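Below is one structure; the comments refer to it alone.
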Amino acid sequence: MSARFRIGIDLGGTKIEGAAVDASGSVRFRRRVVTPAQDYRATIDAIIALIRTIEQEIGTTAPVGIGIPGAISPTTGLVKNANSTWLIGRPLQHDIETALGRPTRLANDANCFALSEATDGAGAAMETVFGVILGTGVGGGIAIRRQILVGANAIAGEWGHNPLPWPTPDEVPGPPCWCGRSGCLETFLSGPALAMDHHRHSGQTLTAPEIAEAAAARDPECRATLARYMHRLARGLASVINLIDPGAIVLGGGLSGISTLYEQVPRLWTRYIFSDRVVTPLLPPVHGASGGVRGAAWLWRPDEAP
Ligand SMILES: [Zn+2]
């Protein structure tokens, strides 16, 4: 077992990414495979095969951390809250440990992202970091002194299924959400939600990156859509600041590439925050797309071994 390397696995709905991370936090070997969607057993097999491939490449076994969509229920040990629904209700940790033959650590993928950015990323100087995923879904994680805050129900930081705060009359009840409620932040702030909002107002069918690009080129309809999006994001994050007042908020996921968010959203959130001045920085991720695997690897400290 190598103390020099840890292996991080990021289990996503469409791809599984794995990497060996060395003691300095550098990603040394990285591989990506397609997730066998809807097939639980094949998903386990793909994860194990990926770990074996990486271990062959680095020439040794290493501690394994895995970021998953959803969370492991502290009461049942089963997966819950996963938009990759074929994982829900399954003993994922138990089955992986049995197949691998040694302990592994599993954590919510947004928590892994927050941990990565809090450990040696954009929030490294901060005591408390709120990491936000704005992608196909909307998630969040809280890292305090470079440790994940899991919470009594393993849902700490899950702001995506809170309602959009300070809604305008046309934002109520809001779009239906897969969780069974309506008007969740995810139904306004995910990539597909941005595309849908644009379609509702303009009749145009564009993806989130296309809307952002056209808005940057001063297209009026796309600018209006992005303005609505930023105002909603500002309100959503203002409620987080009022609650945990983090030292920094770091954005991740596909929409974190929209550079105007970092300038505009902090201007918009001040009127909703219960403070005379607001110093909270809104930051882009340092590690970009590697945040998932790095955070999963950081579930083990360099000096730990299972
Ligand atoms: Zn929801």
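Can you list residue pairs whose Cβ atoms sit under 7 Å apart, with the first residue in region 172-195 being within 23 Å of ILE258 (Cα to Cα) and the second being hydrophobic (A, V, I, L, M, F, W, C) and near the ligand (Cβ under 10 Å from one of its atoms)? Count only pairs 6 or more apart in sequence or on different chains.
Listed pairs, sorted by first residue: CYS184/CYS177; LEU185/VAL138; GLU186/VAL138; GLU186/CYS177; THR187/CYS177; LEU189/VAL138; SER190/VAL138.
Looking at region 116-137, which of its residues are aliphatic (A, V, I, L, M), under 24 Å from CYS184 (Cβ atoms) and open to solvent by 10 Å² or more (accessible area, probe 1.4 Å)?
ILE133
In region 185-211, which residues are open to solvent by 20 Å² or more (accessible area, probe 1.4 Å) and not in a helix (DSSP H, G or I)?
GLY203, GLN204, THR205, LEU206, THR207
I'm told SER190 meets every condition in (1) more than 11 Å from the ligand (Cβ to nearest atom); (2) in contact with a Ser or Thr (Cβ under 9 Å, 6 or more places away or on another chain) except one. Can you identify the failing condition by its number?
It fails just one condition, (1).
Against the condition under 18 Å from VAL293 (Cβ atoms) and either part of a loop (DSSP other than H, G, I, E, B) or small (Gly, Ala, Ser) (or both), how does ALA62 come out, does it pass?
For ALA62, the condition - under 18 Å from VAL293 (Cβ atoms) and either part of a loop (DSSP other than H, G, I, E, B) or small (Gly, Ala, Ser) (or both) - is met.
Checking ASN242 against (1) more than 22 Å from PRO163 (Cβ to Cβ); (2) polar (S, T, N, Q); (3) out of contact with any His (no Cβ under 8 Å at 6 or more places or on another chain), only one condition comes out false. Which one?
Result: ASN242 fails condition (1) only.
Just name the residue that is nearest to VAL293 (Cα to Cα) out of those in region 1-30 that are charged (D, E, K, R) and open to solvent by 30 Å² or more (accessible area, probe 1.4 Å).
Here is the first cut: in region 1-30, the residues charged (D, E, K, R) are 4, 6, 10, 15, 17, 22, 28, 30.
Those left that are additionally open to solvent by 30 Å² or more (accessible area, probe 1.4 Å): 4, 10, 15, 28, 30.
Values: ARG4: 16, ASP10: 5, LYS15: 12, ARG28: 11, ARG30: 9 Å.
Looking at residues that are charged (D, E, K, R) and open to solvent by 30 Å² or more (accessible area, probe 1.4 Å), I get ASP10.
When you look at ILE148, is it closer than 23 Å to LEU87 by Cα, in contact with a helix residue (DSSP H, G or I) (Cβ under 7 Å, 6 or more places away or on another chain), modelled with pLDDT of 95 or more and of a type in the set (A, V, I, L, M), yes or no?
Taking the combined requirement at face value, the residue satisfies it.
How about region 65-92: which of its residues are part of a loop (DSSP other than H, G, I, E, B) and in contact with a Ser or Thr (Cβ under 6 Å, 6 or more places away or on another chain)? Please lay out each step first, then the result.
Narrowing region 65-92 to residues part of a loop (DSSP other than H, G, I, E, B): 69-70, 73-78, 81-84, 88-91.
Within region 65-92, just PRO69 meets the criteria.
Just the residues that are near the ligand (Cβ under 10 Å from one of its atoms), exposed (fewer than 13 other Cβ atoms within 10 Å of the Cβ) and assigned to a loop (DSSP other than H, G, I, E, B), please, taken from region 162-184.
TRP178, GLY180
For ARG218, all conditions in the list (1) outside any helix (DSSP H, G or I); (2) in contact with a helix residue (DSSP H, G or I) (Cβ under 9 Å, 6 or more places away or on another chain); (3) without any contact (Cβ under 8 Å) to a residue 40 or more places away in the chain hold save one; what is the number of the exception?
(2)
Which of the residues spanning region 93-111 are surrounded by fewer than 21 Cβ atoms within 10 Å (Cβ to Cβ), in a helix (DSSP H, G or I) and in contact (Cβ under 8 Å) with a residue 12 or more places away in the chain?
GLN93, HIS94, ASP95, ALA99, LEU100
I'm checking my understanding of the structure. Among residues of region 122-161 that are over 24 Å from VAL79 (Cα atoms) and not in a strand (DSSP E or B), which one is farthest from the ligand (Cβ to nearest atom)?
ALA125
The values are calculated or read from the model by the stated rules, or taken from the named source; none is laboratory data. Every value quoted in this text rests on a predicted model; they were computed, and no experiment measured them. Every residue, glycine among them, receives a Cβ derived from its backbone with ideal geometry; neighbour counts consider all protein chains shown. Ligands, DNA and RNA are stripped out before the accessible areas are found, and what is left, the full protein with its side chains, is counted by its heavy atoms. Shrake-Rupley method; radii C 1.70, N 1.55, O 1.52, S 1.80 Å.
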